[in-house]
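Q: Below you will find the structure I want to go over with you.
The values are calculated or read from the model by the stated rules, or taken from the named source; none is laboratory data. No experiment lies behind these values; they were computed from the predicted model shown. Using ideal geometry, Cβ is built from the backbone for each residue, glycine included, and neighbour counts are taken over all protein chains shown.
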Amino acid sequence: MPISATTKAALFEQETEEHFVTLVTINHASLAEPIRVCDDTVNLISRGNTYLAMPFRVNFGEDDPEAVPRTRLRIDNVDRRIVEGIRSVTTSPTVTVEIVRHSDPDTVEMALEDYKVMQAEYNAMEVVADISLENFLHEPYPSAVFDPGRFPGGF
């Protein structure tokens with residue numbers, strides 16, 4: 001996904017009035033509607049969806065070439081819908097993290113998609129979820145066995 005020229009200009013300026021907003025969408029088939037939060041001071045509408053302004057942090061793990069990237073999402077527990085959502089699901093929800101400009105929230109500048117919640121904990125203060133991509137490091141390679149039944153032209 002290429003970064004827009006407006007964003008590049010804002011990033012290279014010494015000072016800018018532009019600020020970026022992180023959007024997080026937590027989705028699962030058993031949720032009535034996805035949980036959408038943004039790290040702004042006011043609710044934000046992006047592509048027709050309302051993102052609730054809520055303090056949260058996304059901490060990206062170490063860059064280890066031998067392991068699947070693991071990310072930790074910490075959301076302040078200020079809205080009961082998040083804990084209710086965690087309690088209502090029995091399988092891993094999906095998580096999408098997106099970066100938008102506040103002045104143009106309909107243009108996604110960066111997106112991290114297809115994350116799964118590996119585990120989640122909560123208390124009165126915060127909800128903490130470890131999110132990760134599917135572990136593709138243990139998949140067999142090549143995925144097919146080259147035998148005469150599947151690849152007759154190779155023999």
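Q: Sort through 94, 90 and tell me the only one that's out of contact with any Pro (no Cβ under 7 Å at 6 or more places or on another chain) and closer than 26 Å to residue 44 by Cβ.
A: Unique residue meeting the criteria: 94.
Q: Hey, another quick one. So which of 99, 82, 86, 75 ends up being over 21 Å from residue 134 (Cβ atoms), of a type in the set (A, V, I, L, M, F, W, C), touching a strand residue (DSSP E or B) at 6+ places or on another chain (Cβ under 6 Å) and not in a strand (DSSP E or B)?
A: Among 99, 82, 86, 75, only 82 is over 21 Å from residue 134 (Cβ atoms), of a type in the set (A, V, I, L, M, F, W, C), touching a strand residue (DSSP E or B) at 6+ places or on another chain (Cβ under 6 Å) and not in a strand (DSSP E or B).
Q: In the stretch 1-38, how many residues are of a type in the set (S, T, N, Q) and within 18 Å of the chain's Cα centre (by Cα)?
A: Result for the stretch 1-38: 3.
Q: A further question follows. Within the set of pairs 6+ apart or on separate chains, which have a first residue in the stretch 108-129 that is in contact (Cβ under 8 Å) with a residue 12 or more places away in the chain and more than 16 Å from residue 60 (Cβ to Cβ), a second that is among the polar types (S, T, N, Q) and not in a strand (DSSP E or B), and C-beta atoms under 8 Å apart?
A: 109/4; 109/7; 122/77; 123/77; 124/77; 125/77; 126/77; 127/77
Q: What about residue 144, is it out of contact with any Cys (no Cβ under 9 Å at 6 or more places or on another chain), touching a residue at least 12 places away in the same chain (Cβ under 8 Å) and hydrophobic (A, V, I, L, M, F, W, C)?
A: no
Q: Let me ask something else. List the pairs whose first member sits in the stretch 48-64 and is under 17 Å from residue 74 (Cβ atoms), whose second member is at pLDDT below 80 and assigned to a strand (DSSP E or B), and whose Cβ atoms are under 7 Å apart, counting only residues at least 6 apart or on separate chains?
A: Correct list of pairs: 61/70.
Q: Quick one: in the stretch 1-36, which of the residues that are touching a strand residue (DSSP E or B) at 6+ places or on another chain (Cβ under 6 Å) and without any contact (Cβ under 8 Å) to a residue 40 or more places away in the chain is surrounded by the fewest Cβ atoms within 10 Å (Cβ to Cβ)?
A: 34
Q: Right, something else. State which residue is nearest to residue 94 (Cα to Cα) when the search covers only the stretch 19-66 and only residues that are of a type in the set (Ser, Thr, Tyr) and outside any loop (DSSP other than H, G, I, E, B).
A: 25
Q: Something else: Which condition breaks for residue 135 when tested against (1) touching a Cys at 6+ places or on another chain (Cβ under 9 Å); (2) modelled with pLDDT under 80; (3) not hydrophobic (A, V, I, L, M, F, W, C)?
A: (1)
Q: Right, here's the next one. Considering only residues that are within 17 Å of residue 104 (Cα to Cα) and among the acidic types (Asp, Glu), which ones fall in the stretch 1-35?
A: 17, 18
Q: Could I ask something else about it? Among 130, 104, which is the only one that is under 14 Å from the mean Cα position of the chain (by Cα), closer than 30 Å to residue 11 by Cβ and of a type in the set (Asp, Glu)?
A: Exactly one residue qualifies, and that residue is 130.
Q: If you don't mind, another one. Taking the stated definitions as given, is residue 123 within 16 Å of the chain's Cα centre (by Cα) and either polar (S, T, N, Q) or at pLDDT 90 or above (or both)?
A: Criteria not met by residue 123.
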